[in-house]
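Okay, structure first, notes after.
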Amino acid sequence: MPTRSRHRFLLLMAGLLFMAFALRLYRLDYQSIWWDEGISLHLGTSSFGDIIRDRQNNIHPPLYFFILKAWLSLVGVSAFTGRYLSVLAGLLQVAIVYAAVRFWSRSESGWGGFGPWLAAALVLISPLSVIYSQEIRVYAMLPLVYMAILLLAEASLSPGGMKHSTLVWLALAEWTGLHLHYVAIFGVAYIGLWGLASLTRRRDREGMTRWIKVQGVVVLLSLPWIMGVFANWTAINAEANAGTYLTEPVPITYLIAQVWAFHLTGLAGALVSRFVQVGAALAAALLAGLLVGNVALSNPPAKGATTRRLLAHWILPLAAGFALWSVRSFSHPRYIIMFAIVLWPLVALLAGRARRPIERLMSGMLIVCLIALSFWGLRQYFFESSATKPDI
């Protein structure tokens, strides 16, 4: 890269990250600590042994609370310092999405030079990213881990990519996800099966052997926590089923609509707003139309390979996550935040590949729609009392 281009790139990236940092830092300690954050601070100031014992009787694994404890021991305990750890994770979401789009753009032309910047900008203003970058919980870290798993898996599965160092990092990323939140099992299982299917299709027996070994190592390294879960199954099962008698299963169409609106606004129950109803429906229709043009109508079919792959990376683990609501219909949609981040690279790809006037019009309308819904969600979160966290 020429010196002038490098300087321009560094200046643009610094500006992008500064804006992302400022938005996530804005009014960071304005809202009260709520119940889940109180639990996090309690565990973050407990001993490692107490954290393990508490988590063994709960659903969630302990790694985030270990990280939070180490962080709080360095910076002190307050709402600001606890949330600041999530701010850093949210800031890295912008950077990793930019890097991911740069990586994916190498395998398929047509993204355009603006693709990585568009994806990063959409994450920058995404209420889903901003809101959970201001919460003392694990959710801001989960998208980072999933994106890292995707990039490492795709690097490993590329021709000549089965390098020892890459596979070690992949195993570490999968292990980290599994010990941050149980919902990561959907992403890890999906990546394991997807990689196996890809290698089978290529008839790469040596690669299949290495891939199976990597997944086996992840399982072996996770055995201590798995054994702890089964040793306390009665308590964990009671925790998982707590409150289920108060709820009934919801229609799948309602569930999909709620989760889609949550993608775009970061707020559960946002569909009560007529603006969100119309905006989310329009965004869904535009996205579906662009996907049909890129996937079903691509000629030759290989031209839409990256689109199909990103769509699978987003939809398949997300669909598996819906199993949560079949058991616990009162679960919060934030559990799917790990996989929602793939939407932004997918939108950037569709916009970058738009060539016909109708495609450019649709992609432009989609981007405007996403920006409008993002600003609506941010306004609600920062300034409306209805979105205020309950004070404990």
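Do we have residue 100 as buried (at least 16 other Cβ atoms within 10 Å of the Cβ), of a type in the set (Gly, Ala, Ser) and under 30 Å from residue 364 (Cβ atoms) here?
On the way: buried (at least 16 other Cβ atoms within 10 Å of the Cβ): yes; of a type in the set (Gly, Ala, Ser): yes; under 30 Å from residue 364 (Cβ atoms): yes.
So residue 100 passes the test.
Quick check on this structure: which one of 367, 337 is under 16 Å from residue 261 (Cβ atoms) and either among the charged types (D, E, K, R) or within 21 Å of the chain's Cα centre (by Cα) (or both)? Write out each step before concluding.
Values: 367 fails: under 16 Å from residue 261 (Cβ atoms).
The match here is 337.
Please verify whether the range 81-92 includes one or more residues that are in contact (Cβ under 8 Å) with a residue 40 or more places away in the chain, closer than 30 Å to residue 309 by Cα and touching an Asp or Glu at 6+ places or on another chain (Cβ under 7 Å). Write out each step before concluding.
So in the range 81-92, the residues in contact (Cβ under 8 Å) with a residue 40 or more places away in the chain come out as 82-87, 89-92.
Filter again for closer than 30 Å to residue 309 by Cα, leaving 86-87, 89-92.
When the remaining residues are screened for being touching an Asp or Glu at 6+ places or on another chain (Cβ under 7 Å), the result is 86.
Yes: one or more hits.
State whether one or more residues within the range 33-48 are farther than 23 Å from residue 135 by Cα, assigned to a helix (DSSP H, G or I), out of contact with any Pro (no Cβ under 7 Å at 6 or more places or on another chain) and β-branched (Val, Ile, Thr).
Within the range 33-48, the subset farther than 23 Å from residue 135 by Cα is none.
Within the range 33-48, not a single residue is farther than 23 Å from residue 135 by Cα, assigned to a helix (DSSP H, G or I), out of contact with any Pro (no Cβ under 7 Å at 6 or more places or on another chain) and β-branched (Val, Ile, Thr).
What's the number of the condition residue 199 fails, among (1) in contact with a Gly (Cβ under 6 Å, 6 or more places away or on another chain); (2) without any contact (Cβ under 8 Å) to a residue 12 or more places away in the chain?
Single failed check for residue 199: (2).
Within the range 132-147, which residues are under 19 Å from residue 17 (Cβ atoms) and not polar (S, T, N, Q)?
Step one: of the range 132-147, the residues under 19 Å from residue 17 (Cβ atoms) are 132-134, 140-141, 143-144, 147.
If the condition is that a residue be under 19 Å from residue 17 (Cβ atoms) and not polar (S, T, N, Q), then 132, 140, 141, 143, 144, 147 are the ones that fit.
Which condition number does residue 147 fail, the rest of (1) open to solvent by 40 Å² or more (accessible area, probe 1.4 Å); (2) in contact with a helix residue (DSSP H, G or I) (Cβ under 9 Å, 6 or more places away or on another chain) being met?
That leaves (1) as the condition not met.
Out of everything in the range 340-386 that is outside any helix (DSSP H, G or I) and β-branched (Val, Ile, Thr), what residue ends up being surrounded by the fewest Cβ atoms within 10 Å (Cβ to Cβ)? Can you show your working first?
So the first thing to find is which residues in the range 340-386 are outside any helix (DSSP H, G or I), and the list is 341-342, 354-356, 384.
With the extra rule that they be β-branched (Val, Ile, Thr), the set shrinks to 341-342.
On the way: 341: 26, 342: 23.
Among those residues, the one meeting the criterion is 342.
In the range 19-32, what residues are open to solvent by 20 Å² or more (accessible area, probe 1.4 Å) and either outside any loop (DSSP other than H, G, I, E, B) or hydrophobic (A, V, I, L, M, F, W, C) (or both)?
19, 21, 22, 23, 25
Out of curiosity, is residue 176 out of contact with any strand residue (DSSP E or B) (no Cβ under 7 Å at 6 or more places or on another chain), over 23 Å from residue 141 (Cα atoms), polar (S, T, N, Q) and assigned to a helix (DSSP H, G or I)? I'd like the intermediate steps shown before the answer.
Working: out of contact with any strand residue (DSSP E or B) (no Cβ under 7 Å at 6 or more places or on another chain): yes; over 23 Å from residue 141 (Cα atoms): no; polar (S, T, N, Q): yes; assigned to a helix (DSSP H, G or I): yes.
Against the criterion (out of contact with any strand residue (DSSP E or B) (no Cβ under 7 Å at 6 or more places or on another chain), over 23 Å from residue 141 (Cα atoms), polar (S, T, N, Q) and assigned to a helix (DSSP H, G or I)), residue 176 does not qualify.
Which members of the range 59-71 meet the condition of being outside any helix (DSSP H, G or I) and either surrounded by fewer than 17 Cβ atoms within 10 Å (Cβ to Cβ) or of a type in the set (Val, Ile, Thr) (or both)?
Of all residues in the range 59-71, those outside any helix (DSSP H, G or I) come to 59-62.
Matches in the range 59-71: 59 only.
How about the range 261-278: which of its residues are surrounded by fewer than 20 Cβ atoms within 10 Å (Cβ to Cβ) and aromatic (Phe, Trp, Tyr)? Talk me through it step by step, then tell me what you get.
Step one: filter the range 261-278 for residues surrounded by fewer than 20 Cβ atoms within 10 Å (Cβ to Cβ), giving 268-269, 271-275, 277-278.
If the condition is that a residue be surrounded by fewer than 20 Cβ atoms within 10 Å (Cβ to Cβ) and aromatic (Phe, Trp, Tyr), then 275 is the only one that fits.
Answer with yes or no whether residue 176 is modelled with pLDDT of 95 or more, surrounded by 14 or more Cβ atoms within 10 Å (Cβ to Cβ) and within 30 Å of residue 368 (Cα to Cα).
Values: modelled with pLDDT of 95 or more: yes; surrounded by 14 or more Cβ atoms within 10 Å (Cβ to Cβ): yes; within 30 Å of residue 368 (Cα to Cα): no.
So residue 176 does not fit the description; no.
State yes or no: is residue 75 farther than 18 Å from residue 176 by Cβ and among the hydrophobic types (A, V, I, L, M, F, W, C)? Even if it seems obvious, please write down each step before you answer.
Working: farther than 18 Å from residue 176 by Cβ: yes; among the hydrophobic types (A, V, I, L, M, F, W, C): yes.
Yes.
If you go through the range 179-213, how many residues are of a type in the set (A, V, I, L, M, F, W, C) and open to solvent by 20 Å² or more (accessible area, probe 1.4 Å)? Before the answer, list the steps.
Filtering the range 179-213 down to residues of a type in the set (A, V, I, L, M, F, W, C) leaves 180, 183-186, 188-189, 191, 193-194, 196-197, 199, 208, 211-212.
Next, only the ones that are open to solvent by 20 Å² or more (accessible area, probe 1.4 Å) stay: 185-186, 189, 193-194, 196-197, 208, 212.
So the count comes out to 9.
Residues to consider are 139, 84, 132; find the one that is modelled with pLDDT of 95 or more, farther than 25 Å from residue 224 by Cα and open to solvent by less than 20 Å² (accessible area, probe 1.4 Å). Outline the logic, then answer.
Values: 139 fails: farther than 25 Å from residue 224 by Cα; 84 fails: open to solvent by less than 20 Å² (accessible area, probe 1.4 Å).
None of the other options fit; the residue is 132.
The values are calculated or read from the model by the stated rules, or taken from the named source; none is laboratory data. Quick caveat, the model's predicted, so the values are computed rather than measured. Every residue, glycine among them, receives a Cβ derived from its backbone with ideal geometry; neighbour counts consider all protein chains shown. The protein model used for the area step is the full one, side chains on, heavy atoms only, and it has no ligands, DNA or RNA in it. Shrake-Rupley method; radii C 1.70, N 1.55, O 1.52, S 1.80 Å.
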